[in-house]
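Single-structure report; data block below.
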Amino acid sequence: MLPSLRAIRVVQSPGRLRHGPSLFEVDCEWKGPSLNVIMGESGSGKSTLLKTLGGVWEPLSGQVLFEGESLWSESGHRQNKSLLSRIGFCFQNNALFNSMTCFENLCFPRSQRRPLESETARRKIATHWLDKVGLSGSESLFPFELSGGMQKRLAIARTLILEPDYIFFDDPTAGLDPITSRQIALLLLELLENRPALTFVVTNDEDRARSWAPSVFELRGGHLNEKRHLP
Amino acid sequence: MIRFENVHKSFGPKKVLNGLSLSIQRGEIFFMLGRSGTGKSVSLKHLVGLLTPDSGKIWIDDTEISQFSENQFVPIRKKCGLVFQLPALVDSRSLYENLVLGIRHLDAVQKLARISATLKAVGLESLEKDLFERFPPSLSYGEQKRLALARTLLPDPEILLYDEPTTGLDPTTSLQIHDLIKKISKDFGKTSIVVSHDMRNALKIADRLAVLDAGRVVDLGTPEEIRRSPVAMTMAFMEDLQ
Amino acid sequence: MNAFQRALDTVKILLTSVNALARGRVPSRDIWKQLYEFGNSSIGIVVLCVTFMGIILISEYSFHMKLVIGNDSMIPGFAMILLIRELAPIVGALLITSKMGASIAAELAAMKNTEQIDAYRLLGLNIVELYVAPRTLASSVAAWSLATISLAIAILGAWFSAVVFLNFSTGPFFQSLFIFVTAGDLILMSIKAVVFGCCIPSICAHYGLQASFGAEGVGHATTDAVVGTSITVIVMDFVITYLYAVLAS
Amino acid sequence: MIHRLEALREHLRFFWMLFIRLPELFTERREFMRQFADVGVRSLSTTVTAGIFTGAIMALQFHLQLKDFGAESVLGGLNTSGTIREVGPILIAFMLAGKVGAFTSAELGTMKVTDQIQAVRCLGLDPISFFVVPRFWAVALNSILLLVFGLVISVLGGMIAVWMVADINPDQYLLMVERFATSESIFLAVSKSVIFGLLMGHICCANGYWTEGGTQGVGLAVKKTAVQSMVAIVLADFFISWIVEIIVRSGDFL
């Protein structure tokens, strides 16, 4: 089944407050695997939009449909578990589990999502992904012992290790110096190449956006405007 | 004017400054660029005595300050104003009280005169009428940064030190901040040392740039020299600008 | 967020934790780890504080008994009853609150800052079951054992100070102890210790999870957690003592 | 063990510095007044709650113990003197350690982490006399006043609890208070309040000012303040009671 995401008049208020003026009203559809970049001034709510689309927060009104299916059941906040397992979210602050080593940070999510998988297979995949993002050798380090760039690499590995069909990156190059941020951007491109997933990346760095996609979506004035071609 | 001579500094096992040698002329806008963790901010903090070097010499004008005590740094801090990466405003005090922290010795009339001139210089004249009622948390992050700059400017220091003034700011605001640095340095004849990793804006306003790597200067020169420089680290920084 | 909403949210956290524990969804490895963490970190200060208070109680009571009845033969019994029923559980709980409770609030606030809590949610995990449940069981077991251990050592301390300072002899000391201290007192202490122990993690977790962002948020969350838990412990102690008084009389 | 001695020496030096900078309080008197009012208002409700419930708990305990001896009549006096001498100061101080102490170290810790302390230093001001000295005296003086006020409230708490459980009406309860609340008990209670106040003021300012390590550091500073305050309070209580015992019963003890 080709991944597709449809946002029907999705309205969201700023951050956790759940009240106050609505930040945006978005009505869009994405069909098939693609890399979509969303840009916008800081404070335009692009991060909140990504979290609403990515199932972190329930939309105030309107619906987010993954292949026609909604993540949030009408009754309460119970989330559709099987759909949730096909989503990978990479947070701006990395959200690394600081009580676990790098290796455990990768094994833990897989043990939750693929409980039947054998321990050895899981360890092999974790080691494979550590090499893929260039962190081989730092298996036993804790997140606070890593540099900014290395933490971001681990966060990306942890997001992709679940082989998700829907991938969300919240400003992956924020707070990094230009050289590290370019390395991370190239790493993303390399990892997402010919991967059948519908991917969204939020950023306000035009240099990086240019390397990801020829044109971008722009969140301004509470609406997600269609493609803007980058010079 | 300001000279580092083979300065070494390490925090426990981590060596941050590894023989830094550098000299900066009066009235110059001097940029120090480098990846995070290469000791840029640490070198600034040595100039105002927040850190003391393990070895090596540091001169400001013709006084050697590497072994100075806390009191000896008081006059130095009047001469060098440091603008921190975070606004570092005192949230529990009004904007006025924040601004006059550095000029408490002046009388009220002088204070107000200087404040209005400095607020105009940093583009915050609109705040002038409610300095007494408003508090830092009510300002936007960009405004807080400008107010912190005004606060550092008020004691009229000869040298201005900027610690990553535009990190965390969106592209448009950081452009405005860079223009502000240039205007203040040229209008008031201040020597400005700016630590940053924003090469594009640095090349626009800097008189000279130094590129640091692993606590040492690996490249030094005017913007033109830096654009054509064969040094690997500089080229890595330039890649974005093609 | 007013007091009632806070109480509601705390009860929700407590029920989720107890439910997870009852369903056996909490790996015993976590529980043992937390039990060690809770006991090991607070044993020293709890024993120290309760013992010193026990010693002082003996001299306080002798001062009062001389005023009221003239002879101080019954002092050890009286003093120890107050220690057993009130001070051992309360002081133990308040120390656990500041030592472990504050860490729970600070850690959860920091985890919220780096969005780890959202990350756990996306893996279909409930942070309360994962983080708070093992600590709830560990805290109530630790509260009870610390109260008991510190009580025993406090009685030794009291015996020592009675013999050395108040020229008591050992025989009457323990004799008055056994006359006055009934099984009911020990049960009351145990109820208090367990009740306080299992509420501390939930109250602190509530404050941690409601923390606002930045260093300010972590600071306020930790402070409010310590204050909120301490007040709750004192009020709960009064309620339990009041019920005991009504039932006993 | 050396680590502990080292820490103790640091604390003593910090405490001594706060004292000799007392005259500098005059230059920051407006900040001191603002801090004093702020701390007082913020912790009044906690003090009242702690006072009432401490008194009530102690009253219940004494009631249960004296019930079999028919010595109910002395309950009022005994409870008052028993509470204000020993358990009252400790429990109320525990509450204030959180509400006043922990809050101040969180505040100072946040200032340290957001570079406010470094910034003020670079503007030629001494951060200790600018931030710490006014807070230390605001916390210390407030704690002393609030502790004494809390003890007075605890008499009220005892009165209500006894009235509810053993229906001894208030004036019967108060009758014996004068006889038992001897000047020695009051002196003991006040001296404990003063020493607890100074201890709490110092511990919270020291931990706040020494905060390191970003957001986690602030949480750790608050935890340290709470724990250290409680242990210091119990130890101080022990030594004060012991010393007063010696003075009052000079022959008796030794």
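Each value in this text was obtained by applying a stated rule to the coordinates, not by laboratory testing. Please read all numbers here as calculations on a predicted model, not as lab measurements. Backbone-built Cβ (ideal geometry, glycine too); neighbour counts: all protein chains shown.
Brief remarks follow.
- For the pair residue D:37 and residue C:156, label points projected 7 Å from Cα toward Cβ lie 5.4 nm apart.
- Reach of residue B:57 by Cα under 21 Å, taken over lysines that are not fewer than 8 positions away in the same chain: B:9, B:14, B:15, B:40, B:45, B:78, B:79
- Above 22 Å, the calculated P(r) of region D:1-99 contains 58 percent of its Cα-Cα pairs.
- For residues of C:41-53, the mean tally of beta carbons on other chains within 10 Å: 3
- With Cα atoms, 0 to 90° folded angle of helix C:170-180 axis to chain C main axis: 60 degrees
- Theoretical FRET efficiency, 1/(1+(r/R0)^6), r = Cβ-Cβ of residue A:230 and residue C:182, R0 51 Å, to 0.05: 0.05
- The order of A:102, D:204, B:80, A:107, going from fewest to most other C-beta atoms within 10 Å of their C-beta, is A:107, B:80, A:102, D:204.
- Partner aspartates and glutamates for residue C:99 [C-alpha distance under 13 Å; skip if fewer than 8 residues away on the same chain]: C:37, C:107
- Rough spin-label spacing in nm, given labels placed 7 Å along Cα→Cβ, for residue B:71 and residue C:242: 6.1 nm
- Sequence ranges B:36-43, A:150-157, B:53-60, ranked by mean other-Cβ count within 10 angstrom, highest first: A:150-157, B:36-43, B:53-60
- Selection among A:100, A:141, A:173 by position relative to the dipole of chain A gives A:100 as farthest towards the positive end (Cβ unit charges, Cα centre).
- Extended-chain gain in nm, criterion 0.36 nm per residue less alpha-carbon gap, residue A:186 and residue A:215: 8.7 nm
- Stretch in chain B that is longest and holds no GluC sites (Glu not before Pro) that DSSP places in a loop and that have at most 11 other beta carbons within 10 Å: B:134-242
- Here the dipole of the protein assembly as shown is about 980 debye; that uses its Cα centre as origin and unit charges on the Cβ of Lys and Arg (positive) and Asp and Glu (negative).
- Theoretical gain in end-to-end length, residue A:2 to residue A:65 [0.36 nm per residue, Cα-Cα removed]: 21.3 nm
- Calculation over all alpha carbon pairs of the protein assembly as shown in 20 angstrom steps from 0 returns a P(r) of 12, 37, 34, 15, 2 percent.
- Under the convention that each Lys and Arg Cβ holds +1 and each Asp and Glu Cβ holds -1, the size of the dipole of chain D around its Cα centre is about 620 debye.
- Label-point gap, in nm, between residue A:139 and residue B:23 - each point 7 angstrom along Cα→Cβ: 5.3 nm
- The lysine pair tally for region D:2-250, using Cα distances under 18 Å and a gap of 8 or more places or different chains, is 4.
- Computed over region C:98-249, the quotient of the alpha carbon radius of gyration and 2.2 N^0.38 Å is 1.38.
- Spatially proximal aspartates and glutamates relative to residue B:129 (Cα-Cα < 18 Å; intrachain offsets below 8 disregarded): B:97, B:143
- Efficiency of FRET from Cβ geometry, residue B:186 and residue C:41, R₀ 60 Å, rounded to 0.05: 0.55
- Counting only GluC sites (Glu not before Pro) that DSSP places in a loop and that have at most 11 other Cβ atoms within 10 Å, the longest clean stretch of chain A runs over A:75-192.
- Along each principal axis, Cα extent of chain A, largest first, Å: 46, 44, 34
- Stretching residue D:191 away from residue D:29 to a fully extended chain increases their span by 55.7 nm, per 0.36 nm per residue minus the current alpha-carbon distance.
- In terms of its alpha-carbon gyration tensor, region D:107-254 comes out prolate; a/c meets the 1.5 threshold, and the first ratio a/b outweighs b/c.
- From least to most packed, judged by other beta carbons within 10 angstrom and beginning with the fewest, B:31, C:168, A:144 follow the order A:144, C:168, B:31.
- If you plug the beta carbon distance of residue B:62 and residue D:16 into 1/(1 + (r/R0)^6) with R0 = 35 Å, you get a FRET efficiency near 0.35.
- Region A:162-231: C-alpha pair distances exceeding 15 Å, %: 57 percent
- Peptide B:72-84 has a mean of 3 when you count, residue by residue, the C-beta atoms of other protein chains within 10 Å of its C-beta.
- Peptide C:89-102 has a mean shielding of 5, counted as Cβ atoms of other protein chains within 10 Å of each residue's Cβ.
- Ellipsoid fit via the Cα gyration tensor, chain B: semi-axes of 30, 22, 16 Å, each the root of five times an eigenvalue, largest first.
- Sites listed here are trypsin sites (Lys or Arg not before Pro) in region A:45-120 whose DSSP assignment is loop and whose Cβ has at most 12 other Cβ atoms within 10 Å: A:78.
- Considering all C-alpha pairs of region C:75-186, those separated by over 20 Å amount to 56%.
- Restricting the calculation to alpha carbons of region D:2-250 gives Rg and Dmax of 20.3, 70 angstrom.
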